[in-house]
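> One structure is given below, represented as structure tokens, and several questions about it will come after.
All of the numbers you see were taken from the coordinates with simple rules; none came from a lab. These numbers come from a predicted model, not from an experiment. As a convention, Cβ positions derive from the backbone with ideal geometry for all residues, glycine included, and neighbour counts pool all protein chains shown.
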Amino acid sequence: MNPTRLYALVVKEGLQVLRDPSTLLVAFVLPVVLLFLFAYAVSLDIRRIPVGIALESDSRAAQELATAFSGSRFFSVVPARDSRELQAALVSGRIRGYVVIPANLDRRLLQAGREPLVEVMTDGSQPNTAAFVGNYAQGVVSNWLVERGLAAPGDIRLVPRFWFNAELESRRALVPGALAIVMTMIGTLLTALVVAREWERGTMEGLLSTPASVVEILVGKLLPYFGLGLLATLIGAGLSVTLFGVPLRGSWAALMLTSAVFLVPALGQGLLISAVTKNQFVAAQVALLTGFLPALLLSGFLFEISSMPEPIQWLTRLVPARYFNAALQTLFLAGDVWPLLLRQLAAMAAIGLFFFAVACAKTRKSLEVS
């Protein structure tokens, strides 16, 4: 790779970006509009969720209460003997909450409501899910006590606690996910349109006929959009923290690193689409079908992946936005949890390298044919 040629290609592409109003519109205006929509106009309801039951007592009452939770068609119960066994599962997202049935449950029953019977811990990074778990757990306990004749309806009081998002503001979960959608549009849609435009006008063939290698040309074209994506991420994250009040508990360095890695599959997918279609209209349609819609529907942003059919859950593993959405929610609401972040980064990098390899091969083949 020749640094001089690469620098010239990057400067050329950067000037073209600055001269194209539509590119700047997609990169800076559309993200702000989408963030406002997702922050203020979207609300979600969850109906089924995996929860843990920490059964710390062997008494008959404790066994019956655990059975009441297990028999619910709304909960998928993960059993445990100690709450510490479930904390790692809650942090990693395998469960969305857990209920602790304490060892002194029988004594608490005799105290007639002076002390909460059970402890309910939920994952506040999914506010609607957390509220559902807390409210339905209260209903299960209340119905169980009424059936045993220990209390009348309305006599039971539970004080649930919510991890990561104690206020249960849906905005704090939606805005990080909206950033993933925005970055998908900037990376995939914008790159597919711009490079397809080069194919349509015949300037791409002109570049490929120069002494510059295919890799130099592709990297030179994508680097300006890589920088554009990082700048858009910085602006979107800044708006999320300052305007929408979403806390960033992780570091800005980790956020930018995660965004940079996500841009690899996003840009690679856009490049592959443009190399295959070579037409702006077709590229836009394919980018929406294979980039935007999967990011919106299959990333866990709007719908819980665990509630999807098993084949669809496997399909989500091919969607880079799934890993980026999970990483953003971890960074914003939990912090720099590197054991989780590294898995997301590795998955995004692997998908990105695949896209780039196929795009390079397709571009080289197109040059040979022409």
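> Take Gln111 and Trp252, extend 7 Å from each Cα along the Cα→Cβ direction, and tell me the distance between the two endpoints in nm.
For the pair Gln111/Trp252, the computed spacing is 4.7 nm.
> Here's another thing I want to ask about it. Where the centre of each part is set by its Cα atoms, how far does segment 189-264 sit from segment 70-89, in angstrom?
Measuring centre to centre over Cα atoms gives 42 Å.
> If you don't mind, there's one more thing I want to ask. Could you pull out every residue, at least 5 positions away or on a different chain, whose amide H is within less than 5 Å of the one on Ile95? Hs are placed 1.01 Å off N in the peptide plane, and Pro or chain starts have none.
Result for Ile95 returns Leu90.
> Given the C-alpha atoms of the chain, compute the convex hull and give its volume per residue in Å³. Spell out each step's value before the answer.
Working: hull volume 51.5 nm³, N = 370.
In the chain, the Cα convex hull volume per residue is 139 Å³.
> Note down the magnitude of the dipole of the chain about its Cα centre, charges +1 on Lys and Arg C-beta and -1 on Asp and Glu C-beta and zero elsewhere, to the nearest 20 debye.
420
> Mind checking which of Gly52, Ala131, Val99 is farthest towards the positive end of segment 49-163's charge dipole, using Cβ charges of +1 (Lys, Arg) and -1 (Asp, Glu) about the Cα centre?
Selected residue: Ala131.
> Compute the longest continuous run of the chain that contains no exposed trypsin sites (Lys or Arg not before Pro); treat a site as exposed when its DSSP state is not H, G, I, E or B and it has at most 15 other Cβ atoms within 10 Å.
Result for the longest clean stretch: 158-248.
> Farthest toward the dipole's positive end in the chain, which of Phe324, Leu18, Ala61, given Cβ charges of +1 (Lys, Arg) and -1 (Asp, Glu) about the Cα centre?
Of the options given, the answer is Leu18.
> Between Arg161 and Leu288, how high is the FRET efficiency from 1/(1 + (r/R0)^6) when r is the Cβ-Cβ distance and R₀ = 35 Å? Nearest 0.05.
On the way: r = 41 Å, r/R0 = 1.18.
Efficiency, from the Cβ-Cβ distance: 0.25.
> A further question on this structure: How high is the relative contact order of the chain, in percent, counting Cα pairs under 8 Å that sit 6 or more residues apart? Don't skip to the end; give the middle numbers.
Working: 559 pairs, mean separation 68.9, N = 370.
The value is 19 percent.
> Subtract the Cα-Cα distance of Leu234 and Ser59 from 0.36 nm times their separation in residues, and report this length gain in nm to one decimal.
57.6 nm
> Please work out how many pairs of lysine residues in the chain are eight or more positions apart (or on different chains) and have Cα atoms closer than 17 angstrom.
5
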